[in-house]
Every structure is written in structure tokens, then in C-alpha cells.
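Rule-based calculations on the coordinates, nothing more; no lab input. Remember, it's a predicted structure, so these values are computed and weren't measured experimentally. Glycine also receives a Cβ, built like all others from the backbone with ideal geometry; neighbour counts cover every protein chain displayed.
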């Protein structure tokens with residue numbers, strides 16, 4: 001069954017396949033793990049398809065940075081409800097490395113995390129089916145924020161009276 | 001004090017709605033216990049021994065009389081008529097029902113209060129000096145900075161799922177009354193070599209299982225960079241802190257394992273990259289925030305000590321329970337929550353309402369919570385001290401013991417807390433029963449006793465001049481005693497004197513420690529100084545020389 005996910009606040013069918021999910025059609029977008037990528041980048045490049053990479057929480061963005069232009073998608077993996085490194089990874093990718101592609105949260109992703117994830121720069125979310133229909137509500141959890149951020153499309157009013165972005 | 005604007009008000013109301021929905025989904029079975037745990041913890045809600053425990057934030061310990069009345073009302077309506085003030089200047093309720101917590105949060109939101117980030121692995125309530133703004137030798141009032149940090153840290157999207165909890169304390173005076181050296185980050189307002197005010201930043205302090213004194217990361221940070229520097233520290237911690245072992249997840253373990261030099265190098269490197277992109281605090285914003293903490297309308301009064309010819313009890317109270325004020329004619333007045341027959345830090349609904357009334361009458365409508373679990377009326381006219389004392393004494397709130405042996409810090413212990421190994425409230429009671437002679441207590445002078453029911457150290461026992469730690473020995477409650485700890489600017493960790501003692505032996509153990517002090521002290525020497533001069537040995541020898549009756 002094709003995977004449904006939330007991307008740019010719409011429920012869509014995922015056109016991406018993870019390598020572990022089996023052979024994709026030639027030319028279909030493919031997500032490799034960071035370790036697979038590091039072991040044989042040329043093999044993946046030779047496929048000629050759009051490439052994505054999935055990072056574990058322990059991976060350093062700096063390790064990926066030289067290859068960033070190769071990827072149309074980066075997925076950060078959340079191992080459980082307490083995992084929080086992906087939030088920093090997302091901000092680094094968006095703010096420091098200027099990554100413009102799809103930034104996806106995968107693994108343990110629930111609607112209660114979406115607001116902060118979106119504020120850190122994630123724009124797609126692999127949610128359990130049960131969470132999917134109601135998840136859009138999470139984006140309007142708060143209508144204002146104290147911190148400047150790089151959320152894409154959240155209707156959040158920034159409190160510029162305490163902190164200004166330089 | 002800081003007053004909410006429309007944004008602040010909207011945010012706390014939206015939080016109430018969010019938590020109401022999460023609670024509903026949990027009760028309907030849509031969220032598992034574990035999933036709900038992560039959500040409720042970030043709202044100050046623990047599941048305790050008897051019932052949920054709700055911790056309400058009191059930002060840097062500052063309350064209006066209206067807020068205190070609401071806290072009293074919550075105690076009466078949703079709890080059992082009392083609340084417990086904590087070492088981090090918050091208040092805890094021990095008996096609320098889970099289903100009523102969203103309503104409690106809604107009541108709090110009405111008076112600009114909340115329980116946001118009072119537990120869980122996130123940035124907790126910002127604490128500060130309870131004498132902020134009134135103490136004579138302060139460089140600058142730290143509270144505007146506390147509020148700036150409070151806002152920045154509230155719902156910070158990147159730092160809400162940290163490896164472990166994260167506590168920040170801010171001070172503005174040479175004395176450290178906020179235990180900042182045992183916080184994850186300590187922020188000290190200091191004057192730089194160019195004469196400007198800025199911050200000294202410390203990191204890696206903490207108590208718990210592995211007590212460590214914080215170390216300096218940066219000696220002087222220009223003030224506009226405060227938030228970006230905190231972001232750099234938090235980001236290094238969020239990415240590098242251990243997540244595989246709960247007991248090694250605090251930033252102190254990261255700082256210790258990297259060493260302060262390497263930790264500092266990483267923070268500085270991160271800061272270089274983000275300092276020009278992150279939130280900068282400019283002069284207009286600082287001025288605006290300071291405006292909330294302007295001094296109240298003090299009267300022009302002569303500095304007149306109240307008639308000390310009055311009765312002895314008043315004189316003792318005035319000496320111990322009031323502190324110097326920078327404005328002539330005023331004193332800061334402690335409201336002691338250390339009455340011998342009450343658990344330390346507890347106040348009833350009626351007491352809270354009375355204190356709120358007294359705040360309106362005597363102290364510009366504001367009340368503060370101290371990290372030693374007392375309350376404070378910061379701006380009392382000296383000439384009205386006597387009538388204030390009469391009212392406080394009538395309500396059991398004038399125990400003249402601030403800074404003395406019986407002004408104990410104490411966690412809720414086994415009576416309430418599901419983490420505790422041993423009781424602490426009943427030990428406090430035993431100590432109070434043993435030491436009830438005020439001539440003796442005053443002769444001992446300044447000494448602090450801090451007690452925790454387990455090694456999580458909520459009662460700060462490591463930094464007590466005398467520390468008492470509850471331990472479980474084969475299902476029995478025993479107590480390990482330390483001496484020589486201190487929480488101020490000269491913070492130190494106490495040393496264990498020897499094998500732990502039974503509950504009933506604690507008072508005699510303390511008595512023997514105090515005997516050594518009384519015999520050995522030099523003129524003007526505090527208990528702490530004597531321990532530092534002599535070391536643990538003579539104290540240890542005395543305690544264990546003869547068996548103590550159980």
C-alpha cells in the first residue's frame with residue numbers, strides 16, 4: 001500500500017521509496033541511508049534518479065554538508081518521543097546550510113510534535129495513519145512565537161518586541 | 001513586575017487548549033501512558049505516590065497579590081487546602097485530579113500564570129535572587145533579563161526535547177542567593193573591563209546523583225548576545241549530550257567528559273556561526289523590559305530602626321526575618337514557612353490569602369518566593385514592621401528562624417514523591433522537636449540544613465552546611481549526613497561524615513556535629529568556616545565515638 005504523508009500541510013501519496021523497501025522503478029525517487037550513501041555514493045548517483053538521504057539522530061550535519069546539493073530530500077529519524085536532536089539538525093540544515101529541498105521527519109512522529117518540527121524547518125511528516133487526518137490542526141496550536149525561526153508557511157506572529165533578528 | 005500583553009495571554013490560553021485536548025485524548029485511550037507522559041511532563045504534571053502532582057511556574061519567584069490569591073483558591077478548590085513552595089521558586093500541588101488539571105491551568109491563565117515547562121526535559125523556570133531590585137549592593141536588577149530568557153525559552157522549538165532537564169539561574173549581586181553554581185547554566189551580571197555591564201556565563205553545575213559545581217564558560221559576554229550565547233550552549237548540549245543513560249544526560253556530565261576547555265571551544269565555535277543570525281537583544285528592548293521592573297513609589301523616609309525596646313520576640317524576628325533594603329526607611333521581610341509543626345515550604349490557602357492581603361497593605365502588592373522555601377515581602381516600611389509582625393505572628397508566619405538551623409530546605413520526600421527513598425518532612429519535625437531552644441539556635445548563628453529524600457537532591461543536600469540524604473537500606477529509611485556544603489558564591493559540595501544513621505538518630509547526630517562547632521569555633525566563625533578550617537575528621541570522630549540510641 002502506498003504511503004501517505006503530510007507535506008506542505010497537504011496529505012499526499014509519497015512518491016519516494018526507501019532502499020530498504022525494495023526495488024523502485026528506474027528513475028523513481030529513492031531515499032538511501034547516510035551509511036549507504038557514504039559507502040558507495042557513485043552507485044547511487046549512477047542511478048540517475050532523484051536522491052534523498054535519511055539521517056539518524058547521531059549523524060553530524062557537517063558530515064553531510066559537502067554532498068548536500070546531491071539531495072532533493074533529507075529525512076531526520078526520530079527514534080522515540082524523547083528524541084530531540086532532529087530539531088537542531090533541521091535548523092542547521094535550513095539556516096546554516098541553506099537546504100531548500102524537502103525536509104522530512106520520520107520514525108516516531110506524532111501530531112503533538114508537528115508545531116515545533118515545522119518551526120525548525122521540517123515541511124513533511126511521516127505520521128501514523130490514525131494521526132494523519134487531524135494532524136493539520138497541530139499547525140495552528142499557537143498563533144504567536146517568541147523566537148524567530150524559519151518555519152515554512154506557519155501563520156505565526158513573531159514577537160519582535162523582545163528579540164529582533166539581526 | 002512583568003505584565004502580559006495580548007501575545008503572552010494568547011499563548012498561555014492556547015497552551016491550555018492544547019493540554020485540554022491532550023488530556024481528553026489520553027482519557028479516551030487515543031494516547032498511550034508513555035506518549036501522554038512526554039506531553040504532560042512539559043506541563044508540570046507528574047504522576048505521584050497518591051495522585052498527580054502539578055508544579056506551577058512562578059517566574060523568578062515573583063507574584064502579585066492577585067496571583068497568590070489564585071494559588072490559594074486552587075489549593076482550596078482542587079487540592080487539600082495547601083501548596084508547597086520549592087527550591088526553584090515554584091509551587092507544587094500534591095492532590096489535584098488529572099481531569100481537573102486543564103481547569104486549573106485555565107484559572108492560572110486568567111492571572112497570567114501557567115505550568116509550562118515546569119518539568120520534562122526542557123528549559124525550566126528561570127530562577128533568581130529573591131532580593132533582586134532591593135538589595136543594596138546589586139550591580140543591576142536581574143529580573144528584566146530573567147523575563148527576556150523566560151520568553152525566549154518558552155516553547156523554544158529546538159530545545160523542547162533535550163537530553164534532560166535544563167535549569168538557568170540569573171543573579172545581579174555579588175552574593176549568590178539563587179544557587180546559580182549548581183545550575184545547568186548560571187548567568188551573573190558583571191561589569192566588564194570597559195565598564196559596561198554584561199554577563200559571566202557558567203555551565204555544568206548540578207546536584208542529583210553526581211553533584212558538580214558549575215564552571216566559567218565565558219568571563220564576559222556583551223549583553224546583546226545573551227540569547228545567542230544560550231542558544232549555542234543549548235545546541236551543543238542538545239546534539240552532544242548523552243541520551244543513552246538518564247543518569248548521565250545532564251549537561252554537567254557532558255562538560256565533565258569533554259573538559260571545560262573543549263566544551264567552551266565547541267560553544268564558542270557554534271556561537272561564532274550563529275551569533276549574527278540569532279535573536280539579538282537591543283537597547284530599546286532592554287529599556288522596555290526594565291520598565292516593567294521600575295522601583296515602586298517609595299516614600300521619602302528616614303532610616304529609622306523600629307523601636308528595639310519592644311518585646312524580645314519582635315526584636316529576634318526583626319533581626320533574623322528582615323533584610324537590608326537599598327531605600328532608606330524600608331526593609332525586606334521574610335515570611336517564614338518553617339514553623340516547627342508544618343512541613344517546610346508549605347502554606348495553607350488561608351495563609352496565602354493573608355499574605356496576599358499583607359502584600360497589598362505593606363509591600364506594593366507583590367510577594368516573592370525564596371529558593372530557601374520562604375516568602376518575602378520586599379518593600380516594607382521599617383516603621384510598619386511591628387504591626388506587620390503582629391499579624392504574621394498571629395498566623396504562625398513569624399517563626400524567627402531565617403538563616404538559622406531550623407530554616408531547613410526540605411523536599412516532599414517519601415510522603416508524597418514516588419522517587420523518594422525516605423521521608424524528609426518527618427525528619428524536619430524530629431529536628432525541630434530536638435532544637436527548640438532559640439537561645440541555642442541564635443548562638444549557633446548562620447547555618448543551613450538541607451534535606452533530600454533521595455539522590456535526585458531536590459532538597460539540595462549536597463550544598464547544605466549540613467546535608468541530609470534519605471537512603472533505602474533493606475526497605476528501611478536511613479540518612480547519610482554531609483557537612484561543609486555551601487550554595488552561595490563560594491559554593492562547595494559537602495563531605496560524607498561516615499555510615500548513614502537511622503531516622504531517630506538524625507537529631508542526636510546533628511547535636512554532636514554542633515557540639516564540635518561550639519567547642520572549636522573561633523570568634524565570629526560560622527559553622528561552615530569551622531568545618532572548612534578543621535576538616536571532617538573531628539566531626540566524624542565525635543559522631544561515631546559513642547553509640548547513638550535509636
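Annotations for the structure displayed:
- Among the residues of B:33-44, the average count of other protein chain beta-carbon atoms within 10 Å of the residue beta-carbon is 2.
- Cα-based equivalent ellipsoid, region B:6-110: semi-axes from gyration tensor eigenvalues, Å: 22, 17, 12
- Packing, taken as the mean count of other beta carbons within 10 Å per residue, orders the peptides B:295-307, B:265-277 from highest to lowest as B:265-277, B:295-307.
- Calculated P(r) tail over 48 Å for the protein assembly as shown, as whole % of Cα pairs: 19
- Legend: mean number of C-beta atoms from other chains within 10 angstrom of residue C-beta atoms, peptide B:17-27, equals 2.
- Relative contact order %, region B:312-394, counting alpha carbon pairs below 8 Å whose residues are six or more apart: 32
- When the helices of the protein assembly as shown are scored as -39500 (n - 2.57) per DSSP H run of n ≥ 4 and the total is divided over every residue, the value at 222 nm lands at -9500 deg cm²/dmol.
- Take every DSSP beta bridge whose two residues both sit in the protein assembly as shown; close to 65 percent of them are antiparallel.
- C-alpha center-to-center spacing [region B:56-80, region A:49-102] in angstrom: 44
- For the Cα trace of chain A, dividing Rg by the Kirkwood Rh returns an Rg/Rh value of 0.98.
- Considering only beta bridges that DSSP places wholly inside region B:134-291, some 75 percent are antiparallel.
- Taking B:406, A:43, B:118 and counting other C-beta atoms within 10 Å, the order from fewest to most: A:43, B:406, B:118
- Length-normalised contact order of chain B in % [C-alpha pairs under 8 Å, at least 6 apart]: 12
- Value of Rg/Rh across chain B [Cα atoms, Kirkwood radius]: 0.95
- Among beta bridges that DSSP assigns inside chain B, antiparallel share in %, nearest 5: 80
- Helix A:111-120 vs. chain A, principal-axis angle (Cα, 0 to 90°, nearest 10): 90
- Rg in Å to one decimal, and Dmax rounded to a whole Å, for region B:356-511 via C-alpha atoms: 17.1, 56
- Counting only Cα atoms, region B:197-342 measures 62, 44, 23 Å along its principal axes, largest extent leading.
- Shielding by other protein chains, A:87-94, mean Cβ within 10 Å: 5
- Length-normalised contact order for region B:6-110 - Cα pairs under 8 Å, 6+ apart - percent: 30
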